[in-house]
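Asks: First the structure, then my questions, so here it is.
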Amino acid sequence: MVTTAEETSAIQTYLLTKGLAAFVAWIDGTDAATDGVWLAESGEEIPYVGFTEVEPNGGMTENCLGVTVDGALDFNCDGNRDIQYTLCEM
């Protein structure tokens with residue numbers, strides 16, 4: 001779960017250094033229960049999301065949370081072909 005701007009920045013740096021600037025990485029988060037309230041898989045509210053200027057923009061159709069080099073975005077969880085990576089915290 002991303003909780004700070006520094007963590008989002010670290011993910012963005014990782015994507016850039018791995019040559020993944022054009023990709024979206026899925027991170028823990030959904031607003032399926034209540035639109036606009038982002039929760040981790042544990043049910044805990046995510047305190048920081050860091051959306052890009054045009055996100056979130058999917059309403060009730062985009063309930064999963066991803067990160068790009070530009071920031072966070074919401075996307076459709078059902079078989080989204082734009083998501084190429086999943087990031088896990090260890």
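Asks: Starting from the Cα-Cα distance between residue 9 and residue 70, subtract it from 0.36 nm times their residue separation and give me the gain in nm to one decimal.
Replies: Length gained, residue 9 through residue 70: 21.0 nm.
Asks: Next up: GNM, the chain, Cα, under 10 Å: largest mean-square fluctuation among 30, 68, 52?
Replies: 52
Asks: Right, something else. Of all GluC sites (Glu not before Pro) in the stretch 2-90, which ones are in loop regions per DSSP and have a Cβ with at most 13 other Cβ atoms within 10 Å?
Replies: 41, 44, 53, 89
Asks: Something else now. At a 4.7 angstrom Cβ threshold, list every cysteine in the chain that has nobody to pair with, or say none.
Replies: When partners are defined as cysteine Cβ atoms under 4.7 Å apart, the chain leaves 88 without one.
Asks: Can you bin the stretch 1-78 into rounded, prolate or oblate? Criterion: square roots of the alpha carbon gyration tensor eigenvalues sorted a ≥ b ≥ c, rounded for a/c under 1.5, prolate for a/b above b/c, oblate for the rest.
Replies: prolate
Asks: Counting only protein heavy atoms and a 1.4 Å probe, tell me what percentage of the stretch 25-79's accessible area is made up of carbon and sulfur.
Replies: The C+S portion of the solvent-accessible surface of the stretch 25-79 is 49 percent.
Asks: Under 1.5 on a/c is rounded, so check that first for the stretch 32-72, then, if it is not, pick prolate when a/b is larger than b/c and oblate when it is not; a ≥ b ≥ c are the square roots of the alpha carbon gyration tensor eigenvalues.
Replies: oblate
Asks: Multiply the residue gap between residue 34 and residue 21 by 0.36 nm, knock off their C-alpha separation, and tell me the result in nm, one decimal place.
Replies: 1.6 nm
Asks: If one takes the longest principal axis of the Cα atoms in the chain, at what angle in degrees, from 0 to 90 and to the nearest 10, does the Cα axis of helix 5-17 lie?
Replies: Tilt relative to the chain: about 50 degrees.
Asks: Full extension from residue 86 to residue 54: what is 0.36 nm times the residue separation minus their Cα-Cα distance, to one decimal in nm?
Replies: Length difference between fully extended and current span is 9.3 nm.
Asks: For the stretch 30-37, just list the computed ³J(HN,Hα) in residue order, Karplus coefficients 6.51, -1.76 and 1.60, θ = phi - 60°, integers in Hz, with x standing in for Gly and Pro.
Replies: Values per residue, Gly and Pro as x: 8, 10, 5, 6, 9, 4, x, 9 Hz.
Asks: Next up: Would you check the accessible area of residue 64, probe 1.4 Å, heavy atoms only, in square angstrom rounded to 10?
Replies: 20 Å²
Asks: How much accessible area per residue does the stretch 1-56 have, in Å², with a 1.4 Å probe?
Replies: 59 Å²
Asks: I would also like to ask the following. For every helix of n ≥ 4 consecutive DSSP H residues, a contribution of -39,500 (n - 2.57) applies; sum these over the chain, divide by its total residues, and give [θ] at 222 nm rounded to the nearest 500 deg cm²/dmol.
Replies: Mean residue ellipticity, 222 nm, calculated: -4500 deg cm²/dmol.
The values are calculated or read from the model by the stated rules, or taken from the named source; none is laboratory data. In this text, all values refer to a predicted model and were calculated from it rather than measured experimentally. As a convention, Cβ positions derive from the backbone with ideal geometry for all residues, glycine included, and neighbour counts pool all protein chains shown. Calculation scope for accessible area: heavy atoms of the full protein, side chains included, ligands and nucleic acids excluded. Shrake-Rupley method; radii C 1.70, N 1.55, O 1.52, S 1.80 Å.
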